[in-house]
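*Asks:* Let me give you the structure first, and then I'll get to my questions.
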């Protein structure tokens with residue numbers, strides 16, 4: 001993780017004169033970087049863990065875009081989705097810890113940032129996140145362009161001009177003339193008359209047909225005729241009344257008027273004799289003791 005500028009600071013790295021002094025200088029440089037690693041061991045461990053999680057997340061995203069992913073069995077897609085969600089939540093937490101340690105390092109070294117290959121650590125983290133987001137947007141745009149190229153049935157590639165738009169919306173192409181007072185009555189009625197193509201007629205409602213090709217209306221009519229025929233067959237016959245018993249109302253009234261004892265007023269004015277058998281006495285309630 002040493003940058004080019006830091007390597008150039010050690011000028012004896014490309015020296016061809018191999019002596020004991022050169023070896024001791026290399027040992028001193030090696031000890032310096034070992035000390036640097038030991039002092040910032042927490043940052044390096046978090047960086048390694050973050051890189052592992054990042055690489056695993058990219059592999060899962062590639063597997064999710066594979067065309068044969070739906071052939072997997074045993075709930076593999078569900079497991080990958082759960083693992084991807086866990087890794088997506090881990091990365092921001094790891095980056096937050098790394099940024100905090102890098103900030104503390106800058107405070108201890110008079111504002112000097114912690115660098116990776118000569119770049120500040122925060123810049124490296126931001127660039128990786130930005131690259132991932134840009135890749136995702138490119139994939140979405142490419143998928144959208146591919147979807148737009150495929151012509152769906154019922155969709156035309158020809159642009160809608162004003163004439164085509166009016167035809168597509170069912171508009172009329174003929175021009176309407178303005179009716180002026182100078183027009184005669186026949187011409188005015190001619191222009192006001194509705195064209196035959198625009199006249200609306202009541203829709204022809206067809207009865208629903210059942211299986212067999214017969215309409216429902218004909219079947220219901222046939223059922224009604226059948227029930228009417230069965231009722232007429234089971235209707236009871238009325239016997240004929242002889243003419244001798246066919247007494248008119250006038251004759252009955254004349255006979256009743258001649259009989260004085262057959263009047264309703266005689267019932268209330270006549271002396272009614274007591275019954276031969278007396279009625280039983282009405283029971284009375286006994287007094288409570």
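*Asks:* Does residue 63 satisfy being more than 17 Å from residue 2 (Cα to Cα), outside the structural domain of residue 9 (by TED's automatic domain parsing) and free of Cβ contacts under 8 Å to residues at least 12 places away in the same chain? Steps first, answer last, please.
*Replies:* Numbers: more than 17 Å from residue 2 (Cα to Cα): yes; outside the structural domain of residue 9 (by TED's automatic domain parsing): yes; free of Cβ contacts under 8 Å to residues at least 12 places away in the same chain: no.
Criteria not met by residue 63.
*Asks:* Oh, and also: Condition check: more than 30 Å from residue 36 (Cα to Cα) and in contact with a helix residue (DSSP H, G or I) (Cβ under 8 Å, 6 or more places away or on another chain). Does residue 69 satisfy that? Outline the logic, then answer.
*Replies:* Values: more than 30 Å from residue 36 (Cα to Cα): yes; in contact with a helix residue (DSSP H, G or I) (Cβ under 8 Å, 6 or more places away or on another chain): yes.
So residue 69 fits the description; yes.
*Asks:* Looking at (1) surrounded by 11 or more Cβ atoms within 10 Å (Cβ to Cβ); (2) closer than 24 Å to residue 6 by Cβ, can you tell me which one residue 109 breaks?
*Replies:* Result: residue 109 passes all but (1).
*Asks:* Test residue 58 against the stated conditions and say whether it is touching a helix residue (DSSP H, G or I) at 6+ places or on another chain (Cβ under 9 Å), in the same structural domain as residue 136 (by TED's automatic domain parsing), in a helix (DSSP H, G or I) and at pLDDT 90 or above.
*Replies:* No.
*Asks:* Checking the structure you have, find out if any residue of the range 127-143 is outside any helix (DSSP H, G or I), surrounded by 13 or more Cβ atoms within 10 Å (Cβ to Cβ) and free of Cβ contacts under 8 Å to residues at least 40 places away in the same chain.
*Replies:* No, that holds for no residue.
*Asks:* Residue check, residue 31 against (1) surrounded by fewer than 11 Cβ atoms within 10 Å (Cβ to Cβ); (2) at pLDDT 90 or above; (3) closer than 18 Å to residue 117 by Cα, all met but one. Which one?
*Replies:* That leaves (3) as the condition not met.
*Asks:* If you check 101, 47, which single one turns out to be in contact with a helix residue (DSSP H, G or I) (Cβ under 6 Å, 6 or more places away or on another chain), surrounded by 12 or more Cβ atoms within 10 Å (Cβ to Cβ), modelled with pLDDT of 85 or more and outside the structural domain of residue 2 (by TED's automatic domain parsing)?
*Replies:* 101
*Asks:* Additional query: So is residue 5 in a helix (DSSP H, G or I) and either touching a helix residue (DSSP H, G or I) at 6+ places or on another chain (Cβ under 7 Å) or surrounded by 11 or more Cβ atoms within 10 Å (Cβ to Cβ) (or both) or not?
*Replies:* Judged against the criteria, residue 5 is not a match.
The values are calculated or read from the model by the stated rules, or taken from the named source; none is laboratory data. None of these values were measured; they are calculated from a predicted model. Reconstructed Cβ throughout: ideal geometry from the backbone, glycine too, with neighbour counts over all protein chains shown.
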